[in-house]
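Undergrad: First the structure, which I've put down as structure tokens, then a few questions once you've had a look.
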Amino acid sequence: MKVSFSFALTMLGSGVAAIVHGVLPFCFVKTGSTNITNLYKRMVAHRDSRVG
């Protein structure tokens, strides 16, 4: 459950940053994409090789 909450909080923060970026384009230019890339890397690194 700890991992799912950390993913959720990161995505929530990225969403807020994207909304602010929509209003103020000079703020949070790479925050959302950087966070999503990092989440993907974490997900792939911890993928269970027995599944799929």
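Undergrad: Quick one: pull the percent of accessible area on the chain belonging to carbon and sulfur, 1.4 Å probe, ligands and nucleic acids left out. Can you show the working numbers first?
TA: Numbers: 3090 of 4400 Å².
C and S fraction of accessible area: 70 percent.
Undergrad: Which label marks the calculated value of Cα Rg over 2.2 N^0.38 Å, given the options (i) 1.37; (ii) 1.06; (iii) 1.64?
TA: Checking each listed value against the structure points to (i).
Undergrad: What accessible area per residue comes out for the chain, rounded to a whole number of Å², with a 1.4 Å probe?
TA: Values: 4400 Å² over 52 residues.
I get 85 Å² per residue for this part.
The values are calculated or read from the model by the stated rules, or taken from the named source; none is laboratory data. Note that the structure is predicted; figures quoted are calculated from it, not measured. Side chains included, ligands, DNA and RNA excluded: accessible areas come from the protein's heavy atoms. Shrake-Rupley method; radii C 1.70, N 1.55, O 1.52, S 1.80 Å.
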